[in-house]
1. So how many residues does region 103-132 have that are within 30 Å of PRO237 (Cβ to Cβ) and either among the hydroxyl-bearing types (Ser, Thr, Tyr) or part of a loop (DSSP other than H, G, I, E, B) (or both)?
2. It is to be established whether one or more residues within region 165-181 are exposed (fewer than 15 other Cβ atoms within 10 Å of the Cβ), within 18 Å of CYS245 (Cβ to Cβ) and within 13 Å of ligand 2 (Cβ to nearest atom).
3. Can you name the residue in region 58-72 that is surrounded by 12 or more Cβ atoms within 10 Å (Cβ to Cβ) and more than 9 Å from ligand 1 (Cβ to nearest atom) and, of all such residues, is nearest to TYR158 (Cα to Cα)?
4. Return only the number of the condition from (1) within 14 Å of ligand 1 (Cβ to nearest atom); (2) touching a helix residue (DSSP H, G or I) at 6+ places or on another chain (Cβ under 9 Å) that LEU117 does not satisfy.
5. How do the strands (runs of 3 or more DSSP E) wholly within region 28-102 filter down when requiring 3 or more residues that are within 16 Å of ligand 2 (Cβ to nearest atom) and under 30 Å from VAL127 (Cα atoms): which remain?
6. Looking at this structure, is MET62 of a type outside the set (D, E, K, R), farther than 20 Å from TYR178 by Cβ, touching a residue at least 60 places away in the same chain (Cβ under 8 Å) and not assigned by TED's automatic domain parsing to the domain that holds ALA140?
7. More than 8 Å from ligand 1 (Cβ to nearest atom) and in contact with a Gly (Cβ under 6 Å, 6 or more places away or on another chain): is that true of PRO84 in this structure?
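The values are calculated or read from the model by the stated rules, or taken from the named source; none is laboratory data. None of these values were measured; they are calculated from a predicted model. Cβ placement follows ideal geometry from the backbone for every residue including glycine, while neighbour counts extend to all protein chains displayed.
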Amino acid sequence: MTELTDELMQVTDVKTKPVPTLPDAATVLEVHHWNDRLFSFKVERPQTLRFRSGEFVMIGLMNDPDPKTGKQKPLLRAYSIASPSWEEHLEFYSIKVPDGPLTSRLQHIEPGDQIILRPKPVGTLVVDALLPGKRLWFFATGTGIAPFASLMREPEVYEKYDEVILMHTCREVSELEYGRQLVEHIKSDEILSEIEQGKLRYYPTTTREEFHHMGRVTDNLSSGKVFEDLGIAPMNPETDRGMVCGNLAFNKDIMAILDGFGLREGANSEPKEYVVEKAFVD
Ligand SMILES: Cc1cc2nc3c(=O)[nH]c(=O)nc-3n(C[C@H](O)[C@H](O)[C@H](O)COP(=O)(O)OP(=O)(O)OC[C@H]3O[C@@H](n4cnc5c(N)ncnc54)[C@H](O)[C@@H]3O)c2cc1C
Ligand SMILES: NC(=O)c1ccc[n+]([C@@H]2O[C@H](COP(=O)([O-])OP(=O)(O)OC[C@H]3O[C@@H](n4cnc5c(N)ncnc54)[C@H](OP(=O)(O)O)[C@@H]3O)[C@@H](O)[C@H]2O)c1
């Protein structure tokens, strides 16, 4: 009898031992696939994680075990936090690179799975890195919309600016859908529309599929088309502030245009008229 009890105790002991978890683990709550190249997901927010809307963190999964040592190392990549700083959960918007070391696996996560989330948010696309102004522009291509998905829901943005304009360009219409639905939700949701105060304007374009607005952000800015379409005055360093997030060539080209309008690049340590971050490393 005592032997049996001892055995049962041991079994119970084994069962109550904590299940091994990833370092800095965050549990996946929801996953949404937008098309075969893009998905978004929500994870539980660690209670201690504080960040400024627009910042990015390192996230990832454990790599396969090393065939020689059997040891596993984390495989991490930079990701903008797409949810605002006040939100209970964390949201990410991701590319699926077919042979990408991380995203070829990350695209298969499901609710209940765990990812690694390093709790050190950083980044330049923050309100504090800009001098005060009246009109704030978000310039994004592809997944570069992620930091703006956060900032578009940030009350401080609308407290500090009279008008907020999101220009988002993708090759195809389906790649705009995440941003389109988010803007629609912000405008229709009771709480978010109160935060936004009718100040958000949305200017989506495509470059390789027919759409009502077409053309690169850069071309629409330098030709003045966007100002005509929105019925507003051209950019001016006294009033306009910009945040840029796209591929390297896009960032370079748009910086030249913003410089041409008389705006200067700023940083956390030295706020000026615009700030830039890479959406990915080419
Ligand atoms: C500051 C910063 C923030 C980032 N935020 C995000 C984010 O919010 N969402 C996101 O999906 N990615 C983001 N990235 C890119 C991300 O870090 C990874 O590169 C991406 O997840 C792919 O990882 P991978 O290991 O599968 O492929 P990698 O080996 O990292 O990339 C392989 C190739 O895929 C292409 N590629 C990588 N990322 C993208 C992308 N986002 N869009 C188009 N092509 C891409 C590039 O040509 C790259 O050389 C960010 C990168 C930086 C530097
Ligand atoms: N998007 C797709 O359907 C697709 C499909 C398969 C593979 N890929 C690959 O995935 C990678 C990333 O593709 P992506 O489409 O996410 O990102 P991307 O190549 O950065 O293009 C996103 C948007 O940015 C525009 N753009 C690119 N460079 C610009 C510049 N210098 N100035 C202004 N606008 C600029 C593009 O316009 P343009 O169209 O005029 O370049 C496009 O509308 C690429 O290597 C691509 O070959 C993409």
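1. So in region 103-132, the residues within 30 Å of PRO237 (Cβ to Cβ) come out as 121-132.
Then drop every residue that is not either among the hydroxyl-bearing types (Ser, Thr, Tyr) or part of a loop (DSSP other than H, G, I, E, B) (or both), which leaves 123-126, 131-132.
Adding up the residues that qualify gives 6.
2. Yes - at least one qualifying residue is present in region 165-181.
3. Of region 58-72, the ones surrounded by 12 or more Cβ atoms within 10 Å (Cβ to Cβ) are 58-63, 72.
Remaining after also requiring more than 9 Å from ligand 1 (Cβ to nearest atom): 61-63, 72.
Working: LEU61: 36, MET62: 39, ASN63: 41, GLN72: 45 Å.
Filtering region 58-72 for residues that are surrounded by 12 or more Cβ atoms within 10 Å (Cβ to Cβ) and more than 9 Å from ligand 1 (Cβ to nearest atom), the one nearest to TYR158 (Cα to Cα) comes out as LEU61.
4. LEU117 satisfies every listed condition except (2).
5. Working: elements: 38-44, 56-62, 74-80, 89-95.
Once the strands (runs of 3 or more DSSP E) in region 28-102 are filtered for at least 3 residues that are within 16 Å of ligand 2 (Cβ to nearest atom) and under 30 Å from VAL127 (Cα atoms), what remains is 38-44, 74-80, 89-95.
6. Working: of a type outside the set (D, E, K, R): yes; farther than 20 Å from TYR178 by Cβ: yes; touching a residue at least 60 places away in the same chain (Cβ under 8 Å): no; not assigned by TED's automatic domain parsing to the domain that holds ALA140: yes.
Spelling it out, it is not the case that MET62 is of a type outside the set (D, E, K, R), farther than 20 Å from TYR178 by Cβ, touching a residue at least 60 places away in the same chain (Cβ under 8 Å) and not assigned by TED's automatic domain parsing to the domain that holds ALA140.
7. On the way: more than 8 Å from ligand 1 (Cβ to nearest atom): yes; in contact with a Gly (Cβ under 6 Å, 6 or more places away or on another chain): no.
Answer is no for this residue.
Okay, residues lined up against (1) assigned by TED's automatic domain parsing to the domain that holds HIS89; (2) modelled with pLDDT of 90 or more; (3) surrounded by fewer than 18 Cβ atoms within 10 Å (Cβ to Cβ):
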position: LEU8; (1), (2), (3): yes, no, yes
position: THR16; (1), (2), (3): yes, no, yes
position: PRO20; (1), (2), (3): yes, no, yes
position: LEU29; (1), (2), (3): yes, yes, yes
position: HIS32; (1), (2), (3): yes, yes, yes
position: PHE39; (1), (2), (3): yes, yes, no
position: VAL43; (1), (2), (3): yes, yes, no
position: PRO46; (1), (2), (3): yes, yes, yes
position: ARG52; (1), (2), (3): yes, yes, no
